[in-house]
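Here the structure comes first, spelled out in structure tokens, and everything after it is commentary.
The values are calculated or read from the model by the stated rules, or taken from the named source; none is laboratory data. Please read all numbers here as calculations on a predicted model, not as lab measurements. Every residue, glycine among them, receives a Cβ derived from its backbone with ideal geometry; neighbour counts consider all protein chains shown. Keep in mind that these areas ignore ligands, DNA and RNA; they rest on the heavy atoms of the full protein, side chains included. Shrake-Rupley method; radii C 1.70, N 1.55, O 1.52, S 1.80 Å.
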Amino acid sequence: HDSLAKVLMAIREKDQKYRHMLDAVRRPYGEDPSDSFKSILRTMAYTDSINLIVVSAIIDQYGWLSQNEVGSIGNSTLWLVVQHADLNSQEKYFPVMKEAAANGKAKKSELAYLEDRKLMNQGKKQLYGTQHKLNKTTNQMELWEIEDPANLNKRRESVGLPPM
């Protein structure tokens with residue numbers, strides 16, 4: 001699937017391009033976002049929606065493509081686009097990725113990120129400690145609440161993540 005690998009590489013570049021641009025113009029919390037920040041956000045949201053259409057079509061037609069089929073970047077891009085998608089899309093593709101991870105076609109560590117993001121978006125505690133939120137009082141990023149913190153590092157180890 002060389003042509004799909006190339007499409008996925010281009011999608012990844014666009015996905016990351018706008019996130020890097022945001023980092024360059026980000027202001028401290030409480031300050032009004034600049035016009036350029038707002039413009040990048042709009043462009044990023046538009047690009048994310050286009051990326052999701054393409055990746056959804058790929059997954060719906062071919063299933064979760066492995067590293068052997070589209071390379072490590074292409075395989076990881078499937079996850080990245082779903083990770084940045086809306087909750088409905090995350091819920092739709094989580095079981096697909098979970099099955100792929102069980103069959104060695106997706107990384108368990110990336111599945112853990114997706115599961116935590118999905119749980120966070122549902123207002124639930126995360127399992128693997130991969131997600132953070134902005135504390136609007138301190139303007140610092142804080143770890144999203146964790147389910148069963150005493151066993152966090154055991155769960156992280158089980159999916160190949162380093163200890164906290």
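Does segment 140-164 hold any residues that are under 18 Å from the mean Cα position of the chain (by Cα) and in contact (Cβ under 8 Å) with a residue 40 or more places away in the chain, and which are they?
Matches in segment 140-164: Arg156, Val159, Gly160, Leu161.
Given the structure, is Glu115 without any contact (Cβ under 8 Å) to a residue 24 or more places away in the chain, over 30 Å from Tyr62 (Cα atoms) and surrounded by 11 or more Cβ atoms within 10 Å (Cβ to Cβ)?
Numbers: without any contact (Cβ under 8 Å) to a residue 24 or more places away in the chain: yes; over 30 Å from Tyr62 (Cα atoms): no; surrounded by 11 or more Cβ atoms within 10 Å (Cβ to Cβ): yes.
No.
Taking segment 137-159, which residues are open to solvent by less than 70 Å² (accessible area, probe 1.4 Å), assigned to a helix (DSSP H, G or I) and either in contact with a helix residue (DSSP H, G or I) (Cβ under 9 Å, 6 or more places away or on another chain) or among the basic types (Lys, Arg) (or both)?
Arg155, Arg156 - these are the residues of segment 137-159 that are open to solvent by less than 70 Å² (accessible area, probe 1.4 Å), assigned to a helix (DSSP H, G or I) and either in contact with a helix residue (DSSP H, G or I) (Cβ under 9 Å, 6 or more places away or on another chain) or among the basic types (Lys, Arg) (or both).
Pairs please, first residue from segment 51-69 and under 14 Å from Phe94 (Cα atoms), second anywhere and of a type in the set (Lys, Arg), Cβ atoms under 7 Å, 6+ apart in sequence or on different chains.
Matching pairs, first to second residue: Trp64/Lys105.
So in segment 144-164, with the set limited to residues that are hydrophobic (A, V, I, L, M, F, W, C) and modelled with pLDDT of 95 or more, which one is farthest from Ser109 (Cα to Cα)? It would help to see each step written out before you state the result.
Kept after step one, since they are hydrophobic (A, V, I, L, M, F, W, C), are these residues of segment 144-164: 144, 146, 150, 152, 159, 161, 164.
Subset that is modelled with pLDDT of 95 or more: 144, 146, 150, 152, 159, 161.
Working: Trp144: 17, Ile146: 17, Ala150: 19, Leu152: 14, Val159: 5, Leu161: 6 Å.
So, considering only residues that are hydrophobic (A, V, I, L, M, F, W, C) and modelled with pLDDT of 95 or more, the one farthest from Ser109 (Cα to Cα) is Ala150.
Condition test on Ser72, is it open to solvent by 10 Å² or more (accessible area, probe 1.4 Å), under 23 Å from Arg19 (Cα atoms), modelled with pLDDT of 95 or more and more than 15 Å from the chain's Cα centre (by Cα)?
For Ser72, the condition - open to solvent by 10 Å² or more (accessible area, probe 1.4 Å), under 23 Å from Arg19 (Cα atoms), modelled with pLDDT of 95 or more and more than 15 Å from the chain's Cα centre (by Cα) - is met.
Say whether the condition of being in contact with an Asp or Glu (Cβ under 7 Å, 6 or more places away or on another chain) and within 28 Å of Val70 (Cβ to Cβ) is met by at least one residue in segment 115-123.
Residues of segment 115-123 in contact with an Asp or Glu (Cβ under 7 Å, 6 or more places away or on another chain): 118.
When the remaining residues are screened for being within 28 Å of Val70 (Cβ to Cβ), the result is 118.
Yes, segment 115-123 has at least one match.
For segment 122-133, which residues satisfy the criterion of being open to solvent by less than 70 Å² (accessible area, probe 1.4 Å) and not polar (S, T, N, Q)?
First, pick out the residues of segment 122-133 that are open to solvent by less than 70 Å² (accessible area, probe 1.4 Å): 122-123, 126-131.
Listed by number, the residues that qualify are Gly123, Leu127, Tyr128, Gly129.
Given the condition in contact with a Gly (Cβ under 9 Å, 6 or more places away or on another chain), of a type in the set (A, V, I, L, M) and open to solvent by 30 Å² or more (accessible area, probe 1.4 Å), answer yes or no: does some residue in segment 75-97 qualify?
Looking only at segment 75-97, we keep the residues that are in contact with a Gly (Cβ under 9 Å, 6 or more places away or on another chain), and these are 96.
Adding the requirement that they be of a type in the set (A, V, I, L, M) leaves 96.
Subset that is open to solvent by 30 Å² or more (accessible area, probe 1.4 Å): 96.
The answer is yes, given that some residue of segment 75-97 is in contact with a Gly (Cβ under 9 Å, 6 or more places away or on another chain), of a type in the set (A, V, I, L, M) and open to solvent by 30 Å² or more (accessible area, probe 1.4 Å).
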